[in-house]
1. Spot the failing condition for A:VAL170; the list is (1) of a type in the set (A, V, I, L, M, F, W, C); (2) in contact with a Lys or Arg (Cβ under 8 Å, 6 or more places away or on another chain); (3) facing another protein chain (nearest Cβ under 10 Å); (4) surrounded by 24 or more Cβ atoms within 10 Å (Cβ to Cβ), and only one is missed.
2. Just a yes or no: is a residue in the stretch B:266-286 crowded, with 19+ Cβ neighbours inside 10 Å, within 16 Å of the chain's Cα centre (by Cα) and not in a helix (DSSP H, G or I)?
3. Does B:VAL169 qualify as being in contact with a helix residue (DSSP H, G or I) (Cβ under 8 Å, 6 or more places away or on another chain) and either within 13 Å of chain A (Cβ to nearest Cβ) or of a type in the set (S, T, N, Q) (or both)?
4. Here are some residues: A:VAL137, A:VAL146, A:VAL154. Which one is more than 9 Å from chain B (Cβ to nearest Cβ) and under 25 Å from A:ASP175 (Cα atoms)?
5. Could you check, for the stretch B:3-20, whether at least one of its residues is facing chain A (nearest Cβ under 8 Å) and not small (Gly, Ala, Ser)?
6. Report, ordered by the first and then the second residue, all pairs with beta carbons closer than 6 Å, sequence separation of six or more or different chains, a first member in the stretch B:41-68 that is facing chain A (nearest Cβ under 8 Å), and a second member that is assigned to a helix (DSSP H, G or I) and among the charged types (D, E, K, R).
7. Tell me, yes or no, whether the stretch B:93-116 has at least one residue that is away from every other protein chain (no Cβ under 13 Å) and either in contact (Cβ under 8 Å) with a residue 12 or more places away in the chain or among the β-branched types (Val, Ile, Thr) (or both).
Amino acid sequence: MEAIRILEKPKSKQLGDLSDPEMFRHNLSINVQDVTKLCAQLEKMIFIRAVEESIAELVRDGEVKCPCHLSVGQEAIAVGIAQHLNSSDRAFGNHRSHSHFLAMGGDMESLFAEVFGKETGCSKGRGGSMHIYAGEVGFHGSVPIVAGTIPVAVGAALSAKLSGSNAVGVAFFGDGACEEGIVHESLNFASIMKLPMLFVVENNLFSSHLDICLRQPSDSTARFAVAHEMESRVVDGNDVVAVDKAAAELIERARAGHGPGFLEAITYRWLGHVGGNSDIDVGVRRSQSELESWKKRDPISRLYRALEEKGNYTKSKLQDFEKATQDLIKTAIEKARRAPWPKADTLCEHTYDEKVI
Amino acid sequence: MTKTISYSQGILEAFEYVLSHYPESFILGQGVWSPWYVGNSMQGLDKKFGKERVIDSPVSEGVCTGVGVGASLFGHKPIIVHPRMDFMILAMDSIVNQAAKWSYMFAGQAHPCVTIRSIINRGGEQGAQHSQALHSWFAHIPGLRVVMPYSPKDARDLLIASILCNDPVLYIDDRWLYEQEEYVEDIQEIDLSLQGPKVIRAGEDITIVAASYSCFLGVEVAKLLQTEGISCEVVDLRIINPLDITPVLKSIRKTRKVIVLDGGWKNCGLAGEIIASIVENIEPGLLMSPPKRFTISETPAPTSIELEKIYYPTVTDICDFVRTMF
């Protein structure tokens with residue numbers, strides 16, 4: 001019997017080598033039986049990066065003007081998780097969600113049209129880069145209030161549970177969102193209701209310009225999952241094999257009715273918070289040398305080298321794929337340029353679904 | 001069949017109707033399993049329809065409201081309950097940024113048809129954070145329908161219509177109306193988008209515009225002034241966003257005088273919006289006196305009963321004010 005109990009504090013540097021760009025640079029360790037899947041994942045990551053680099057260029061050129069938050073360098077997370085989702089699942093994103101949209105199979109041409117603000121965009125030019133939608137593939141929307149879609153995804157999971165469907169709710173958010181209170185309400189609610197839900201934190205160690213160490217007493221957000229008695233994994237977010245494995249475990253548990261999971265993937269964005277530049281001078285503690293170092297922990301080349309080493313992917317195949325991707329992108333951009341603008345008389349459409357007297 | 005129901009019975013019957021007829025509906029909110037049952041307006045729903053569909057929640061206004069938005073995107077008709085409006089402020093992001101904008105942001109590809117029930121609950125020395133009537137804030141937001149029933153029939157029928165509406169709806173009821181009774185017909189479903197302001201008492205000399213509990217005050221004022229030879233027409237707004245000002249203008253073209261009553265504050269409030277809409281649209285020279293508004297003092301709610309007595313407008317206060325307009 002102790003009337004006063006002193007609890008152990010978590011360590012402030014919980015991530016250790018996971019946040020050290022000098023570590024985890026090795027070629028991924030891969031299984032022979034997974035080669036087909038891994039080649040597809042490699043191509044998906046290359047595709048996402050190429051699309052985002054093209055958008056970065058359009059932003060730098062001033063042709064695309066809406067705020068674009070790009071996830072170049074973070075592709076493995078979206079791809080590894082999307083591997084285990086299908087069109088009946090309910091994924092929601094944030095301001096930095098092109099990768100989620102594309103990984104789940106959202107239409108690339110409609111993404112380009114959307115960032116141009118055109119009627120043919122995935123949100124018909126009403127959304128731009130920060131409000132993208134591909135409900136047909138299970139991506140049910142992204143918004144820039146950083147924790148805004150988390151409770152919405154939890155509601156999607158509650159709906160799945162109530163209707164006996166085996167769909168899961170997925171919320172993609174960043175380390176910065178974890179500083180908003182609604183995250184804790186959402187974790188608590190999902191946990192107490194045992195919902196089929198996956199919380200995904202893409203911890204890229206920065207929120208806008210500010211390093212996580214200047215914002216939180218610990219560098220790992222998975223401590224919040226522990227506080228809510230939730231199954232959690234912390235993974236190298238630049239290792240698609242690790243992300244895939246952790247996601248499979250958590251999503252399978254959730255689908256089977258064993259409750260929500262929390263996946264924290266450690267990564268680093270190669271570009272600035274918003275726009276097409278690397279913004280070295282904007283970030284507190286963000287330096288050219290740190291960026292160069294993280295580029296050596298590239299999720300794409302680590303998988304490519306592993307596949308190439310075992311003869312499962314070749315340089316010429318890579319070049320062919322990159323060329324074909326560039327052609328698709330060029331066509332998409334041309335189409336977006338030529339696409340019609342939303343008509344002036346549609347300005348107020350969709351504010352309400354039903355009539356307004 | 002006709003019968004008499006109270007305002008709180010109207011709310012209860014609406015919930016029973018929807019939960020019986022629409023298996024995709026469910027309720028989530030604080031206090032729905034408590035013996036208090038949100039002022040008896042949700043009495044026994046958990047026992048009748050099960051705790052899986054009538055869910056008492058953690059003290060988490062934000063996530064519960066967001067959950068309503070999310071569940072409504074996948075075929076459910078959720079009703080989120082905030083037993084006191086002051087606490088709903090913690091759910092502002094889910095209401096203002098998510099529910100109200102979802103349809104527009106994604107160009108009508110998805111509609112969050114969530115109903116958010118919020119209660120104005122004042123008096124009884126509850127003080128500044130247990131007494132607010134913040135309806136004007138929400139009526140400012142395009143995409144959010146804001147419903148404020150005055151009559152027991154509307155409390156019932158507009159709640160059903162709100163839940164069946166494909167847009168997000170904030171349904172605000174007032175505890176000071178719970179005992180009001182009305183003779184009503186059986187439930188008939190109505191289309192919320194076709195509902196608007198109604199004349200609830202005909203008169204000739206002045207139009208009183210109000211919503212919710214302020215309509216109660218308006219009707220009492222009308223009754224009293226009738227004995228003095230002042231004939232008041234009372235218009236019940238019923239739905240304050242989107243706002244249809246036409247029935248208000250029609251009444252004023254007859255009476256040529258108007259006062260707006262509101263249980264909220266004056267600055268940037270509902271009463272000001274009604275007057276602006278009148279002035280913008282009424283023919284010059286028609287009004288025989290400047291349009292007036294009667295609202296609560298520009299201060300938070302006090303607790304002491306002696307201050308409360310003067311804080312909330314009474315029939316006597318409003319009658320005195322209306323007399324000065326003649």
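1. Condition (3) is where A:VAL170 drops out.
2. yes
3. yes
4. Result: A:VAL146 is the single residue among A:VAL137, A:VAL146, A:VAL154 that is more than 9 Å from chain B (Cβ to nearest Cβ) and under 25 Å from A:ASP175 (Cα atoms).
5. No, the stretch B:3-20 contains no residue that is facing chain A (nearest Cβ under 8 Å) and not small (Gly, Ala, Ser).
6. B:SER60/A:GLU185; B:GLY62/A:GLU185; B:VAL63/A:GLU185
7. Yes.
A quick yes/no check of all residues on (1) within 14 Å of chain A (Cβ to nearest Cβ); (2) not β-branched (Val, Ile, Thr):
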| residue | (1), (2) |
| --- | --- |
| B:GLU185 | no, yes |
| B:LYS198 | yes, yes |
| B:TYR213 | no, yes |
| B:VAL219 | no, no |
| B:SER231 | no, yes |
| B:VAL234 | no, no |
| B:ILE252 | no, no |
| B:GLY264 | no, yes |
| B:CYS268 | no, yes |
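Bear in mind these aren't lab numbers, they're just calculated from the coordinates by the rules spelled out. For clarity, every value in this text was computed on a predicted model and none was experimentally measured. Here the Cβ is made from the backbone with ideal geometry for all residues, glycine too, and neighbour counts use every protein chain on show.
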